[in-house]
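Heads up: the structure comes next, in structure tokens.
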Amino acid sequence: MNKHFVTYMIVVAVSMSAHGVSAQSTSTAAATQSAPDNTENNKRDRAAGEPTADQQKNNARDLDMTKRIRRSVMDDKAISTYGHNVKIIASGGMVTLKGPVRDEGEKKAIEMKATEIAGKDHVINQLEVAPPK
């Protein structure tokens, strides 16, 4: 076994022990946490006609629109990490928003940012509210 790895494991064990954390309690916590499951979203996204990020063209207008919307969303620190990571797909001047957000307010805020840039009637909002567990 690698000498550096063994040393690292000893440091981790001593640190955990000093903080009152046992290996058993950390493995129990990991076991009770459910794995993320995007199966339904993935099935939906494979359906014919559903816009996906790989369908976005490399034309300047769509790329610029996507960049400006993403920047607007990222600059808003009131939006959660979920909201910062939504899919923004621009194709032919139309923008599709997909992914989970924390609440209806966040969903509307992201849609509003996209509408300000793409224009009214050019945004398809498929964002889904997924409150924290």
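What do you reckon, is Ile117 among the β-branched types (Val, Ile, Thr), part of a helix (DSSP H, G or I) and touching a Ser or Thr at 6+ places or on another chain (Cβ under 9 Å)?
Details: among the β-branched types (Val, Ile, Thr): yes; part of a helix (DSSP H, G or I): yes; touching a Ser or Thr at 6+ places or on another chain (Cβ under 9 Å): yes.
It is true that Ile117 is among the β-branched types (Val, Ile, Thr), part of a helix (DSSP H, G or I) and touching a Ser or Thr at 6+ places or on another chain (Cβ under 9 Å).
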Flagged pairs (Cβ under 9 angstrom, 6 or more apart or on separate chains; first in the stretch 62-76, within 18 Å of Gly93 (Cα to Cα) and assigned by TED's automatic domain parsing to the domain that holds Leu97; second of a type in the set (Asp, Glu) and in a helix (DSSP H, G or I)) are Ile69/Glu116; Ser72/Glu116
Within the stretch 65-101, residues crowded, with 20+ Cβ neighbours inside 10 Å, modelled with pLDDT of 95 or more and small (Gly, Ala, Ser) come out as none
Among (1) farther than 16 Å from Val129 by Cβ; (2) within 11 Å of the chain's Cα centre (by Cα), Val101 falls short only on (1)
In the stretch 102-121, residues that are at pLDDT 95 or above and buried (at least 16 other Cβ atoms within 10 Å of the Cβ) total 10
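Mind listing whichever residues of the stretch 74-90 are out of contact with any Lys or Arg (no Cβ under 6 Å at 6 or more places or on another chain) and not in a loop (DSSP other than H, G, I, E, B)?
The initial filter retains those residues of the stretch 74-90 that are out of contact with any Lys or Arg (no Cβ under 6 Å at 6 or more places or on another chain), namely 74-79, 81, 83-86, 89-90.
Selection gives Met74, Asp75, Thr81, Gly83, His84, Ile89, Ala90.
The values are calculated or read from the model by the stated rules, or taken from the named source; none is laboratory data. Everything numeric here is computed off the predicted structure, so don't read it as measured data. All Cβ positions, even for glycine, are placed from backbone atoms using ideal geometry, and neighbour counts span all protein chains on display.
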